Amino acid sequence: MFRRSLGSGALFAVMYSTMASAVYFSLGAVAEHALGLTPVVFAVAVVFFLVTTMTYMEGASLHQDRGGSTVFARYAFNELWSFVAGWVILLDYAILIALCALTATNYGAVFWGQLGSGTPELIAAIGTIVLVAAVNVRGLGVERVRRLTILVAVDVALQVLVIVVGLFLVFDWGTLVDPIQLGTSPTWSEVIFALTVTSVAFIGLESASGLAGEVRIGRGGLRRLVASATTAVMLIYIGIALVAVTALPVVGGETRLGREFLDDPVIGIVQSYGVSGLGAGLTDALLYAVAAGAALLLIAGANSGMLGLSRLAYSLATNRQIPSVLGRLHPTRSTPYVLIVVAAILSIGLVAPLDLDFLVGIYAFGAMLAFTIAHLSVCVLRYREPDRDRPYRVPFSVRVGGGALPLPAVIGAIVSGAGWVSVIVLHEGARLVGSLWLALGLAMYLSYRLTQGKSVFRRVTIPARALRAERPDAEYGSILVPLMGGPLDDDIVQTAGRLASDEREDEGQSGAVIEALWIFEVPMSLPIDAALPDAQLEAASQALLRAKAVGEEYAGVEVATAKVRARRAGQAIVDEARRRGVEAIVLGAEEASRVRGGGLLGGRGGPLDNYVGDVTKQVVTKAPCRVILTAPKAEDDEPDDPEHDGTPPAGEIGDGTRPAR
């Protein structure tokens, strides 16, 4: 894996490959239900896509962890809701892979007719899934992203060509509007279900947000990405829908798009051009180009789905939301190969019935639920973390209850929540399979957490090294170490290293992680994202590099580093401890006091043993876990107690005043 090496073009390619590939199979399913209102349904979907994109952009830029909606829910609510979002998206990824593989074979049937049905279709779909799984076990590389970007650019041009030709040859306003009988053809329930089906294209947002932390895009770049992605989706989706419904119009309450060309609707559109006067030679050339482009992009869409699944699996495994054996990383590729194989098997099982309409309905169950959680999470985080840096903010916020509530996210939560309810009511397959999948996941999560003696609601993390270990039970939580840039930093990192090493030896485990944290205290007179002096940035980088070097001298210990902006250091330490699910905080207390009292922290006797600074008081009082204090040795300039100088060894002050909860 690599970090900070992807630009906006690569992120757009990963996102758009899924959305563009969805046109090739969702168009027929939407038209089957929405009939003449198909363009209207896609237009509404574009608005919902814009709202959802803004939500994912803010959430992913706020917390740059792999995982998408599961990450947003973790910080807004708790681990249980985080798991629910991640678990339903796992199913959606498997369905997406199955849909893309199945549809790719139908477009390939243009070159060999037998690929469109029966055993050859099933074998080809299974082969595609196996290929995608093998590629993702190898991992994402820059060259693969470059090829994907080129493929997306070619496909955009191809779809635009299909739309332009169709607008000249077959588009007719009367043909589009005349068959529409609101409430009857189509019925309102069919229109509502068709709206939820369009969400199959939006899983690309999850795939793209799963790359958070691996991209280098500024604030302006994020805004341009939202605008470009929305524009592309609007032009392609609405344009292709207008052409489709007039090329294969609604007759007698049904359209050939949903009957004859359900699995390859764009092929049906192009074939109609030959009847409308394009000419046999040009029609065949366009037909073969569309078939080849669609098949390749659908395979790329399946690959993007598996890419998102692998990132999500990593997030779930490192947060002990699924058993570590499922999230095991490849020893050389660092990819979650076990879950990739499991997802491939699940996708093969889903593709076996060769029923596209059934798969699309099940998919909408998970997508609508995950999007609802994502929108609600971004709203809640505006109140829980109002001062945290947001490289991208959802616009059109209003002041409500002391916070800035983003109206697009509120609208998105209402729409997606209503969509989820409609899927449960209107689609029996989604209701049964989706509910069963959710119940199975909750049972696994609860039993796994409770048998491990871990909280159901609090975050518990393990390092990536634990997922690469030979033994599945080789896992350990994390220790938070806030750095102050002083001479005591080495001591507190060494204390944390010894504690990690001791725990590993006592419990027969390996792979502990130290979370080294540098906090920039930003005064209230400046915005939280104000530019910092170069000297401060350099000092922070040097201190974190030093901490990593010192901590990783201990066998089996991994040091992760991070920089955080905050108004108050004490509150930031408490918040980060809760956010990261650490098992302990090792904190460097103030230098030894020269006043009498404060003996626990190096002072000279007396009753004032609680003489500590505000930061230490706040952490010890409010931390959600054990707090371990270290203090420097007092200067021996008052020899009134020759037997005791009040200096504890570094790292020796038990558990502060807060036991682990």
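The values are calculated or read from the model by the stated rules, or taken from the named source; none is laboratory data. Remember, predicted model here, so these are calculated numbers, not experimental data. Cβ: placed from backbone, ideal geometry, glycine included. Neighbour counts: every protein chain shown.
Considering (1) under 15 Å from Tyr24 (Cβ atoms); (2) not in a loop (DSSP other than H, G, I, E, B), the lone condition that Ala317 does not fulfil carries the number (1). Within segment 175-221, how many residues turn out to be surrounded by 20 or more Cβ atoms within 10 Å (Cβ to Cβ), part of a helix (DSSP H, G or I) and either modelled with pLDDT under 80 or among the polar types (S, T, N, Q) (or both)? Result for segment 175-221: 13.
Out of contact with any Asp or Glu (no Cβ under 7 Å at 6 or more places or on another chain) and either crowded, with 24+ Cβ neighbours inside 10 Å or not assigned by TED's automatic domain parsing to the domain that holds Ala418 (or both): does that describe Phe77?
Numbers: out of contact with any Asp or Glu (no Cβ under 7 Å at 6 or more places or on another chain): yes; either crowded, with 24+ Cβ neighbours inside 10 Å or not assigned by TED's automatic domain parsing to the domain that holds Ala418 (or both): no.
So Phe77 does not fit the description; no.
Just give me the residues in segment 522-535 being surrounded by 13 or more Cβ atoms within 10 Å (Cβ to Cβ) and without any contact (Cβ under 8 Å) to a residue 60 or more places away in the chain, in sequence order. Val522, Leu532, listed by residue number.
Restrict the check to segment 103-122 and report whether at least one residue is within 18 Å of Leu312 (Cα to Cα) and in a helix (DSSP H, G or I).
Just the residues of segment 103-122 that are within 18 Å of Leu312 (Cα to Cα), to begin with: none.
So far as segment 103-122 goes, no, none of its residues is within 18 Å of Leu312 (Cα to Cα) and in a helix (DSSP H, G or I).
When Leu369, Leu339, Leu354 are checked against the criterion of being modelled with pLDDT under 90, crowded, with 22+ Cβ neighbours inside 10 Å and in contact with a Gly (Cβ under 9 Å, 6 or more places away or on another chain), Leu339 stands alone in meeting it. Residues in segment 155-174 that are exposed (fewer than 13 other Cβ atoms within 10 Å of the Cβ) and either outside the structural domain of Val243 (by TED's automatic domain parsing) or within 38 Å of the chain's Cα centre (by Cα) (or both) were compared, and the one that is farthest from Leu90 (Cα to Cα) is Val164. Selection of segment 335-351 for residues being of a type in the set (S, T, N, Q) and closer than 20 Å to Ala124 by Cβ yields only Ser347.
Screening Gly108 against (1) of a type in the set (Gly, Ala, Ser); (2) in contact (Cβ under 8 Å) with a residue 40 or more places away in the chain; (3) more than 30 Å from Thr246 (Cβ to Cβ) leaves a single unmet condition, (3).
From the list Ala562, Ala577, which one is touching a Cys at 6+ places or on another chain (Cβ under 7 Å) and either at pLDDT 80 or above or part of a strand (DSSP E or B) (or both)? Show your work before the answer.
Working: Ala562 fails: touching a Cys at 6+ places or on another chain (Cβ under 7 Å).
Among Ala562, Ala577, only Ala577 is touching a Cys at 6+ places or on another chain (Cβ under 7 Å) and either at pLDDT 80 or above or part of a strand (DSSP E or B) (or both).
When you look at Gly305, is it under 22 Å from Ile240 (Cα atoms) and buried (at least 24 other Cβ atoms within 10 Å of the Cβ), yes or no?
For Gly305, the condition - under 22 Å from Ile240 (Cα atoms) and buried (at least 24 other Cβ atoms within 10 Å of the Cβ) - is not met.
Return yes when Gly28 is in the same structural domain as Ala241 (by TED's automatic domain parsing) and surrounded by fewer than 24 Cβ atoms within 10 Å (Cβ to Cβ) and no when it is not. It would help to see each step written out before you state the result.
Details: in the same structural domain as Ala241 (by TED's automatic domain parsing): yes; surrounded by fewer than 24 Cβ atoms within 10 Å (Cβ to Cβ): no.
So Gly28 fails the test.
Just checking, which of Arg471, Arg465, Arg459 is over 30 Å from Ala530 (Cβ atoms), modelled with pLDDT under 85 and part of a loop (DSSP other than H, G, I, E, B)?
On the way: Arg465 fails: part of a loop (DSSP other than H, G, I, E, B); Arg459 fails: over 30 Å from Ala530 (Cβ atoms).
Of Arg471, Arg465, Arg459, the one residue that is over 30 Å from Ala530 (Cβ atoms), modelled with pLDDT under 85 and part of a loop (DSSP other than H, G, I, E, B) is Arg471.
Do we have any residue at all in segment 400-410 that's modelled with pLDDT of 90 or more, surrounded by 20 or more Cβ atoms within 10 Å (Cβ to Cβ) and of a type in the set (Gly, Ala, Ser)? Yes, segment 400-410 contains at least one residue that is modelled with pLDDT of 90 or more, surrounded by 20 or more Cβ atoms within 10 Å (Cβ to Cβ) and of a type in the set (Gly, Ala, Ser). Here Arg399 fulfils each of the conditions (1) part of a helix (DSSP H, G or I); (2) free of Cβ contacts under 8 Å to residues at least 12 places away in the same chain; (3) farther than 23 Å from Leu350 by Cβ; (4) of a type outside the set (Val, Ile, Thr) apart from (1). In this entry, Phe371 is excluded by the filter for residues that are of a type in the set (Phe, Trp, Tyr), over 24 Å from Val71 (Cα atoms) and assigned to a helix (DSSP H, G or I). Residues considered: Pro353, Pro323, Pro331, Pro336. Of these, the only one that is touching a Ser or Thr at 6+ places or on another chain (Cβ under 6 Å) and of a type outside the set (Lys, Arg) is Pro336. Checking every residue in segment 278-289 against the condition of being modelled with pLDDT of 90 or more, charged (D, E, K, R) and either surrounded by 20 or more Cβ atoms within 10 Å (Cβ to Cβ) or part of a helix (DSSP H, G or I) (or both) gives at least one match. Among the numbered conditions (1) at pLDDT 70 or above; (2) surrounded by fewer than 23 Cβ atoms within 10 Å (Cβ to Cβ), the only one that Val132 does not meet is (2).
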